[in-house]
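Report on the following structure.
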């Protein structure tokens, strides 16, 4: 997770931006994949899951950061998990109150946010060592990066697998949906496709950097 | 969880207990508050969803009441929370006359368990509507059991009359190949989703075999005064 | 739902709705550890054991929570039990076989964040399984997980020697393999009868 050396515009915005692209949780760090694949069969589910994770990430980062001087080293993981589990339980009930339909679609995967390596990882790597403000920005950036990644998976799978986006039909009736996209295999293939794209772009960027470095010599 | 850096002095017990217990209490408080805040909303949502499903499987129903099974074949209105006894939902039309009963059933489909609600009418001795509550059938194929209008038309009047001694179904429900339905107790299957269609037929067959003999013995239990 | 026969529960958890290939649980170790067949099978064994213990504890916790009428404590209790079980398993393996401990490395404590174990506890709660069914469900899920891991490890060992483009190497390749494996496991649907 070292990342490329950054030019910091201001310390704040960099914390926010790195989660969106450079250190994107799903495409670069390859974290939090279980929910990414499981609930991204439609764009609506992907968006809901992303926002739920964002909420948990933000709240736990803020709370853990504000309590960081209060928690001794030895019990830190236990307390982090306790705090994260609390917010996941909260978001579970809130989603149930908002829409039973959505809750049924996401199912147990809302509760599974608690074992999303991303949240525990940010708590350990960042929130426990930084101020509340910066931790909040970090959480927002990572959370939004996660949500956009999920949304890109969900949108592709829904468009190709059902011909709709957020439930609205896009093509006329002659469109034959590519059903495998909605199935679990489709999730694997779509994520592989996006990763390929990211890898290819990263490779091209590296090649250009080496070419530029050689040209200077 | 494992690591303890050699340089930092080990923490004494009190700060650890203080952190764990303090945070534990805080978290507990948060959870309980949110739970209590959302509980009425959730219960209202669930009641509304159930109501909608009941009205869908019992066309013509305007109000409903929940009954629980008592003993072998008596029914009484459910007071308070469900306690595990089998439940039947009665639907009444605008004149407070009994339209029928909505019953839950579940069973193994092609991929995973299918849960559905179906409406039974005494007058017609038939299933008059179904609604799939939960299923994980193959998208595009098996999930047509929820959406295909021709398939759903099977259940507008699916015959489940009882034998003369009122102990079992006269003709068990069976699924047949698409387009070959001859009798009102058969279910016209969906091409390409034979197993899912057969699963629905099986689930209904088993559920009606169990429920209807019990219900018919004490129909009056479901008629409400006023 | 608790009327399912035991063999059906096992086959369902192991093959038809394989935890990794159908439910997407346990992806992190699936993609990370599964480079070598031997490590993969041992990891699978450790996960199966933790699943078994967690399943039994989850059953007990559910009984307790029902008595206390405190369903909102479910998640916290589950995760606490899982974390403790993993801690105990770790200490046990370290004592009994230090080589295995070193081979598994970071992935042993990571079993705590393995969605498969928490997912197992949550699914069996939703399905309302009885005690015997819980045990069979855990064994089935663990076996299915080990099976998926072993298959993936075998495939990747073979691919080490193949001529794959650089862009594809790594996670992208594993995901494509997983997709193909997932499609092949779909052939088991309908076994449940």
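Each residue in B:219, C:181 was given a count of other beta-carbon atoms within 10 angstrom of its own, and listing them fewest first yields B:219, C:181.
Spin-label pair residue A:74-residue A:125: with each label point 7 Å from Cα along the Cα-Cβ axis, the two points sit 2.8 nm from one another.
Among rounded, prolate and oblate, which fits chain C when a ≥ b ≥ c are the square roots of the eigenvalues of its C-alpha gyration tensor, a/c under 1.5 means rounded, and a/b larger than b/c means prolate? Note, shape of chain C comes out oblate.
Relative to the longest principal axis of the Cα atoms of chain B, the long axis of helix B:194-217 lies at roughly 80 degrees. Pairs of Cα atoms nearer than 8 Å and 6+ residues apart set the relative contact order; for chain A it is 33 percent.
In segment A:58-87, which residues have a backbone nitrogen under 13 Å from the label point lying 7 Å from residue B:37's Cα in the Cα-to-Cβ direction? What the label zone holds, given the 13 Å backbone N cut-off, is A:87. Measuring nothing but how far apart in sequence close Cα pairs (under 8 Å, 6+ apart) lie, relative to its length, chain C scores a relative contact order of 45 percent. In degrees from 0 to 90, rounded to the nearest 10, what is the angle of the helix C:37-68 Cα long axis to the longest principal axis of chain C? Approximately 20 degrees, to the nearest ten.
Specify whether the C-alpha gyration tensor of segment A:64-217 places it in the rounded, prolate or oblate class, a ≥ b ≥ c being the square roots of the eigenvalues: rounded for a/c under 1.5, otherwise prolate if a/b is larger than b/c and oblate if not. Oblate shape, in that a/c is at least 1.5 and b/c is the bigger or equal ratio.
Label zone (residue B:134, point 7 Å along Cα-to-C-beta; backbone nitrogen cut-off 18 Å) within segment C:39-65: C:59, C:62-63.
The packing ranking, built from the mean of other Cβ atoms within 10 Å per residue, places the peptides A:186-195, B:23-32 in the order A:186-195, B:23-32, highest first. A rounded overall shape is assigned to segment B:36-121, the ratio a/c of its alpha-carbon gyration tensor axes (a ≥ b ≥ c) being less than 1.5.
Grab the beta carbon distance between residue C:87 and residue C:161, set R0 = 30 Å, and tell me the FRET efficiency rounded to 0.05. Efficiency, rounded to the nearest 0.05: 0.20.
Mean partner shielding of peptide C:180-189, defined as the number of other chain Cβ atoms within 10 Å of each residue Cβ, is 4. Per residue, the average separation of C-alpha pairs within less than 8 Å and at least 6 apart gives segment B:42-222 a relative contact order of 18 percent. Here the sum of -39500 (n - 2.57) over DSSP H runs of 4 or more residues, divided by the residues of the protein assembly as shown, equals -18500 deg cm²/dmol at 222 nm, to the nearest 500.
Other protein chain C-beta atoms within 10 Å of residue C-beta, averaged over A:38-51: 1. Between the helical axis of B:13-57 and the longest alpha-carbon principal axis of chain B there is an angle of about 10 degrees. FRET efficiency for the residue B:78 to residue A:215 pair, using the beta carbon distance and R₀ = 60 Å, is estimated at 0.15.
Peptide A:67-80 shows a mean partner chain C-beta count of 6 within 10 Å per residue C-beta. Annotation for segment A:122-186 versus segment B:75-103: alpha-carbon center distance of 42 Å.
Coordinate-derived values only; no laboratory data. As the structure is a prediction and not an experimental result, all values here were calculated from the model. Note that we place each Cβ from the backbone using ideal geometry, even for glycine, and neighbour counts take in every protein chain shown.
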